[in-house]
Amino acid sequence: MRSPAVCISGIGYTKFSRSTQASLASLALEASLNAIADAGLRVDQVDGLVCYHQNDSVLVRDVSTSLGIKELRWWSDFLAGGTFNCAVIAQAAMAIEAGLANYVVCYRALRGRSGKRMGRYRASLTDGVHQFMTPFGFSTPAQIFGMTCRRHMHEYGTTRAQLGYVAVIERTHAGLNDRAMRRDPLTMEQYLGGRVIADPYTLFDCCQETDGACAVVLTRADRARSAPHPPVYVLGAVHGGGDVPRVPFDGWRDLSVSAFPRLATELYARAGVGPKDIDVALLYDAFTFEVIQQLEDFGFCKPGEGGPFVEDGNIGLAGSLPVNPHGGLLSEAYIHGLNHIIEAVQQLRIEAGDRQVSGADIALVTGFGFCAGSAIVLGGASAGS
Amino acid sequence: MSGSGTVYSFVVVHHVVTAGFPPDVPYVVAWIELPEQAALRILSNVVDCPTGDVYIGQQVEVAFLDVAADFSLPVFRPAS
């Protein structure tokens, strides 16, 4: 493993809710200031800023001005969704390695419940690929991604109960996490009786629309030596798509396999680790099935065995591969996956309290869009020694 | 084109947030694979069939739903 050049030195977040009274700018600023303070920095040391958004957020030029950044040397706004949570980390790491910036803040701020809600595009959004979707009543992520789940069920016999284990186990984790939005225990009976959204998906298969923000500070590893918290190193990153990197997967040959098997091979090679080295996985779980799919795609089990792998208890806190100890997008919050990075950092700092994965030192984080995505491997104390 | 197809995957939409033209809820949105070319699929509705009876591999055929005087949508129903 090569000596890691870039690390995450600060994290910040707001309260997660469904009905914030705060503006988007306030959310972005609060998370960013918390991350900057967590990194032990002053605002005037920050010289890089990057966010991703779905035309639903506050952009860098506004946040930079409001933060009072003195010298913005590198910035970018990406029009992208959950595929970009790890991509912004990769972009920031590249900017730092190239010497374009010293301290980069990455943020995602949204009012996903009280503001602009995903999938509610109305008939006005009929441009591009939507012209072939909207007339048939097809627009929401649950509808679009439900197609992949159904195909996997057909190919491999994946069951509703196996999806249910993902929801139930993640809810158990969320019960140990003060900032999680859904913390009441969820039983399998409740899961199976969930209101149908887009069959095969019911209410408990879907993540929750959230108001809130997360932010992360990255810097060169040698600049973080005196930071208040132990650095979390970026060991490798990947960001790409399959041969048809577009929702809703028109032309995709096999809907039971995502773009991730190819990207995972590249990521592991770059990071110098393999699936057996991963201590904790933050798998993008906008929907339950995505966890099952990524367990297969990242080599934790064979294709088609993701359902039984989950059913056998492997993804619990005491399992062979703890997944989403914070409760995930399903039960903690949906900050488009940037909250996965927050959790990975807390786990690798060994600061995750009751939900701490014992001995967590290498984490996988993913941002999943089925036909495209990003992923990173992060390393704790041993990576810096 | 033959107008025939096979259901490749589908969802049954119960929770409607953007109204399309399907008149009833729940309704089925499916990827329909066309026999003319491998992996050539069209997104459409499966109609004239109870939602619980739609399945992957089902043979379907095109029908045209007249939405307005000058606008029809290709939808699919079970093959006769």
Using only Cα atoms, tell me the angle between helix A:160-174 and the longest principal axis of chain A; keep it within 0 to 90° and round to the nearest 10. 30 degrees
Using a simple spin-label model with points 7 Å from Cα along the Cα→Cβ vector, what separation in nm is obtained for residue B:49 and residue A:350? 5.8 nm
If you average the alpha carbon positions of region A:77-151 and of region A:173-239, how far apart do those two centres end up, in angstrom? 16 Å
Loop sites in region A:66-150: trypsin sites (Lys or Arg not before Pro), DSSP, at most 13 other Cβ within 10 Å: A:70, A:120, A:122
So for the pair residue A:178, residue B:2, with labels modelled 7 Å out along Cα→Cβ, what separation do we get in nm? 6.4 nm
Give the average, rounded to an integer, of partner chain Cβ atoms located within 10 angstrom of each Cβ in B:17-24. 6
Please list, in chain and number order, the residues 5+ apart from residue A:9 or on another chain whose amide H is under 5 Å from its amide H, with Hs placed from the backbone. A:217, A:218, A:219
Please quote Rg/Rh for region A:257-327 to two decimal places, taking the Kirkwood radius as Rh and restricting both calculations to Cα atoms. 0.93
Rounded to a whole number, the mean other protein chain Cβ count within 10 angstrom for residues of B:29-35 is 3
With a 1.4 Å probe and all protein chains left in place, how much accessible area per residue does chain A have, in Å²? 36 Å²
With residue B:77 itself left out, Lys, Arg at +1 and Asp, Glu at -1 over residues whose Cβ is under 14 Å from its Cβ give -4
Residue A:196-residue A:246 pseudo-label distance in nm [points 7 Å out on the Cα-to-Cβ vector]: 3.2 nm
Angle in degrees between helix A:141-156 and the longest Cα principal axis of chain A, rounded to the nearest 10: 60 degrees
What trypsin sites (Lys or Arg not before Pro) does region A:212-273 have in DSSP loop regions with at most 15 other beta carbons within 10 Å? A:225, A:246, A:253
Given a 1.4 Å probe, the accessible area of region B:4-78 per residue, as a whole number of Å², is 47 Å²
Taking Cα pairs closer than 8 Å and at least 6 residues apart, the relative contact order of region B:4-78 in percent is 32 percent
Chain A: Cα Rg divided by the 2.2 N^0.38 Å rule of thumb: 0.92
Tell me the carbon and sulfur percent of the accessible area for region B:4-78, rounded to whole percent, probe radius 1.4 Å. 55 percent
Total formal charge among the other residues, if their Cβ is under 11 angstrom from that of residue A:20, Lys/Arg +1 and Asp/Glu -1: +2
Ranking request for peptides A:374-382, A:129-137: highest mean number of other beta-carbon atoms within 10 Å first, then the rest in descending order. A:374-382, A:129-137
With x for Gly and Pro, the residue-by-residue ³J(HN,Hα) of region B:46-51, computed from phi through the Karplus equation 6.51 cos²θ - 1.76 cosθ + 1.60 at θ = phi - 60° and given in whole Hz, is 9, 10, 6, 7, x, 4
By how many degrees, 0 to 90 and rounded to 10, does the Cα axis of helix A:338-348 deviate from the longest principal axis of chain A? 70 degrees
Explain nothing, just compute: Karplus ³J(HN,Hα) = 6.51 cos²θ - 1.76 cosθ + 1.60, θ = phi - 60°, for every residue of region A:77-90 in order, whole Hz, x for Gly and Pro. 10, 10, 7, 6, x, x, 6, 10, 4, 8, 5, 5, 5, 4
Need the C-alpha centroid separation for region A:249-296 versus region B:20-44, integer Å. 27 Å
Taking amide H positions as placed 1.01 Å from N in the peptide plane, with prolines and chain starts having none, which residues 5 or more places from residue A:116, or on another chain, fall under 5 Å of its amide H? A:111
Under unit Cβ charges (Lys, Arg +1; Asp, Glu -1), what dipole magnitude, rounded to 20 debye, does region B:4-78 have relative to its Cα centre? 200 debye
What total accessible area, in Å², is buried where chains B and A meet, using a 1.4 Å probe and rounding to the nearest 100? 2500 Å²
When the Karplus curve 6.51 cos²θ - 1.76 cosθ + 1.60 is applied with θ = phi - 60°, which whole-Hz ³J(HN,Hα) does each residue of region A:3-18 get, with x for Gly and Pro? 5, x, 8, 10, 9, 8, 10, x, 9, x, 7, 9, 5, 9, 8, 10
Other-chain or far-sequence residues with amide H under 5 Å of residue A:210's (modelled H): A:112, A:113, A:334
Quick one: net charge around residue A:279, please, counting Lys, Arg +1 and Asp, Glu -1 for every other residue with C-beta under 14 Å from its C-beta. 0
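The values are calculated or read from the model by the stated rules, or taken from the named source; none is laboratory data. Only a predicted model underlies this, so the values are computations on that prediction, with no experimental measurement involved. No Cβ is skipped: glycine too gets one built from the backbone with ideal geometry, and neighbour counts run over all protein chains shown. Ligands, DNA and RNA are excluded from the accessible area calculation, which covers all protein heavy atoms including side chains. Shrake-Rupley method; radii C 1.70, N 1.55, O 1.52, S 1.80 Å.
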